[in-house]
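One structure below.
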Amino acid sequence: MLLYDNPSSSNALKVRFLLAELGLDYERETIPFTRPRPAAFLAMNPLGGIPTLDDDGFVLSESNTMLRYLADREGRDDLYPREPRRRAQVDELLDRWVTGLRSALFRVEEPALGFTPGVGWDPSAADPDAARREAHAIAPQIEILEALLPDHGYALGAFTIADCSLAPALYRTTHTKMDLTPYPRMRRLRDDLIARPAFIAAGPVL
């Protein structure tokens, strides 16, 4: 199994997190953030997003799809339930995350960490004041996430692939210095997730 990733990609980190939880061996090939991406990579993944997973010739290029696939591949009903209603709850949170909540947090990450599309991360381009303004602007969306989370346990009570998807962006708040004091559930979940041995083994960078 080969994962085309970048150490600083939050989408790649979520997949490495699950691979570590599953105890699967895999190889890694780094893809640069700069565009255009390598031609061989674009041949597998025409949109050029990071990561891409090649499982013995079976190629996937959407990170949440990789989470679903890997959990199913390993028969991990605890991580991605087969019972329709429980599975739907996981899928619902994955979809809510990718269709709005994740992009809200990225609005803070861009100025806080100096991200330029097509180029990558450059701390010298960071703008802490702009990051604070964005944190204020996204508060209504983050309040939605806070309301979705339980007072204890993981995002849906037990640990699932939904937690793997949330963890990298929550971890990144430790780098952006986003104040999570107004969001105690989010802060607790972040701290629980980034303390998991598998998350540490996944090699979080940013």
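The convex hull built on the alpha-carbon positions of the stretch 22-141 has an orientation-averaged projected area of 9.7 nm². Counting pairs of alpha carbon atoms under 8 Å apart in space and at least six apart in sequence, what relative contact order in percent does the chain give? Across the chain, relative contact order equals 26 percent. Ligands, DNA and RNA left out, the 1.4 Å accessible surface of the stretch 92-206 is 57% carbon and sulfur atoms. Give, as ranges by residue number, the residues of the stretch 112-142 whose backbone N falls under 12 Å from the point 7 Å along Cα→Cβ of residue 205. Taking a point 7 Å out along Cα→Cβ of residue 205, the residues of the stretch 112-142 whose backbone N falls under 12 Å are 120-122. Taking the chain as a Gaussian network, where each spring joins two C-alpha atoms under 10 Å apart, which residue of 67, 149, 47 fluctuates the most? It is 47.
Counting only Cα atoms, the size of the stretch 92-206 along its three principal axes is 39, 33, 25 Å, in decreasing order.
A simple count of charges around residue 168, restricted to other residues whose Cβ falls under 10 Å of its Cβ and scoring Lys, Arg +1 and Asp, Glu -1, yields +4.
With all protein chains kept in place, the per residue accessible area of the chain amounts to 47 square angstrom at a probe of 1.4 angstrom. Its Kirkwood hydrodynamic radius, worked out from the mean inverse distance over all distinct Cα pairs, puts the chain at 17.5 Å. Taking a sphere under 10 Å around the Cβ of residue 3 and counting the other residues whose Cβ falls inside, with K and R at +1 and D and E at -1, yields a net charge of -3.
Against the compact-protein benchmark of 2.2 N^0.38 Å, the Cα-based radius of gyration of the stretch 90-134 scales to 1.35. Residue-wise HN-Hα couplings along the stretch 106-117, as the Karplus relation 6.51 cos²θ - 1.76 cosθ + 1.60 with θ = phi - 60° gives them from phi, are 5, 4, 7, 4, 4, x, 5, 10, x, 8, 10, x Hz; Gly and Pro carry x. Mean separation of Cα pairs under 8 Å and 6 or more residues apart, divided by the residue count, gives the stretch 1-41 a relative contact order of 52 percent. Contact order, relative form, for the stretch 86-197: 26 percent (alpha carbon pairs under 8 Å, 6 or more residues apart, mean separation divided by residue count).
For the listed peptides 156-166, 106-116, 194-204, a ranking on the average number of other beta carbons within 10 Å per residue, highest first, reads 156-166, 106-116, 194-204. Here the extension length gained between residue 27 and residue 74 equals 15.1 nm, from 0.36 nm per residue of separation less the Cα-Cα distance.
The translational diffusion coefficient of the stretch 128-184, from Stokes-Einstein at 37 °C and 0.692 mPa s with a Kirkwood hydrodynamic radius over alpha carbon pairs, comes to 264 µm²/s. What the Cα atoms of the stretch 1-79 give is an Rg and a Dmax of 12.2, 39 Å. When only the Cβ of Lys, Arg, Asp and Glu is charged (+1, +1, -1, -1), the dipole of the chain relative to its Cα centre reaches about 340 debye.
Neighbours of residue 115, meaning other residues whose beta-carbon lies under 10 angstrom from its beta-carbon, give a summed charge of -3 when Lys and Arg score +1 and Asp and Glu score -1.
The values are calculated or read from the model by the stated rules, or taken from the named source; none is laboratory data. This is a predicted model, so every value here is computed, not measured. So basically every Cβ, Gly included, is an ideal-geometry build from the backbone, and we count neighbours across all protein chains shown. With ligands, DNA and RNA removed, areas are computed over all heavy atoms of the protein, side chains included. Shrake-Rupley method; radii C 1.70, N 1.55, O 1.52, S 1.80 Å.
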